[in-house]
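Throughout, read-outs are computed from the coordinates displayed, never taken from laboratory work. Predicted, not measured: the structure shown is a model, and the values here were computed from it. Cβ atoms come from the backbone with ideal geometry, glycine included; neighbour counts cover every protein chain shown.
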Amino acid sequence: MKLSPLLLLHGALGAASQFDTLTEKLKDHFDVHTLDFSGHGKNTYDGNLTMEILANDILHYMDLYELERCDIFGYSMGGYAAVMMAMEHPDRVHRIMTLGTKWHWDAETATREVKMLDAEKMLEKIPAFAEILRLRHTGQGWKAVLHRTAGLMTHLGYTGGLTENDFSRVHIPVLICLGSDDRMVTREESEASAGWIPQGTFRLLEGVPHPLEKVDMNILAEEIINAFTTF
């Protein structure tokens, strides 16, 4: 039996390699695809980052691998990019499931998030995480990823990101998931965004934190399998 395609999208500071374990758990249920967004992982793109560029990365990957239409799971930033892409190309996406996506952006939020992207402070206070990033981003280097992600967040903060009107233009089923232990994303913004999408649904995942590295992949795989077979 031919499996339906499922594209997994990583978050900010992430890479396709983070989904290796999850892919193994999903491969009997889906034709699993992953990608490195521009400037992340092994990708060598060296320009500025915007959500429009990331949304175009999805479209380019689908064209390259001849995926006429697919389901998408987007973690954090990946979920945001997926919804943006579906807003403009609803014929290319069947359904979307997001986890831990920050939907509400303003200048204050962006400033707070950007402060955590200081490479020197990371080396001083969380050197183990800095080393993980160094090994993960071999294309342009981890410090370049931090710098460009800061620019992306600043741009989102000062433009305001997606609006209620934007969400209303997403005409495919979207399941917005949030972990109950997520300290970056609020339930309020997640429920509001799901409510603005005509076929949007919100789901709270008990005990799930924001960092993907701390999420139980068995639980996440089960949620993904259930989601794409029931909604």
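A few notes on this one:
- Single residue of SER38, SER4, SER17 found to be touching a helix residue (DSSP H, G or I) at 6+ places or on another chain (Cβ under 7 Å) and over 16 Å from LEU212 (Cα atoms): SER38
- Inspection of the stretch 32-48 identifies no residue that is part of a loop (DSSP other than H, G, I, E, B), in contact with a His (Cβ under 7 Å, 6 or more places away or on another chain) and β-branched (Val, Ile, Thr).
- Hey, GLU24 over 18 Å from the mean Cα position of the chain (by Cα), assigned to a loop (DSSP other than H, G, I, E, B) and surrounded by fewer than 15 Cβ atoms within 10 Å (Cβ to Cβ) or not: no
- Against the test of being surrounded by 15 or more Cβ atoms within 10 Å (Cβ to Cβ) and among the hydroxyl-bearing types (Ser, Thr, Tyr), the options THR186, THR98, THR111, THR163 yield a single qualifying residue, THR98.
- The set of residues in the stretch 178-207 that are β-branched (Val, Ile, Thr) and either part of a helix (DSSP H, G or I) or out of contact with any helix residue (DSSP H, G or I) (no Cβ under 7 Å at 6 or more places or on another chain) (or both) comprises VAL185, THR186.
- Here is the figure for the stretch 174-231: residues that are in contact with a Leu (Cβ under 7 Å, 6 or more places away or on another chain) and either free of Cβ contacts under 8 Å to residues at least 12 places away in the same chain or among the charged types (D, E, K, R) (or both) total 3.
- Here the helices (runs of 4 or more DSSP H) wholly within the stretch 60-175 that include at least 2 residues being acidic (Asp, Glu) and closer than 25 Å to THR186 by Cβ are 107-114, 164-168.
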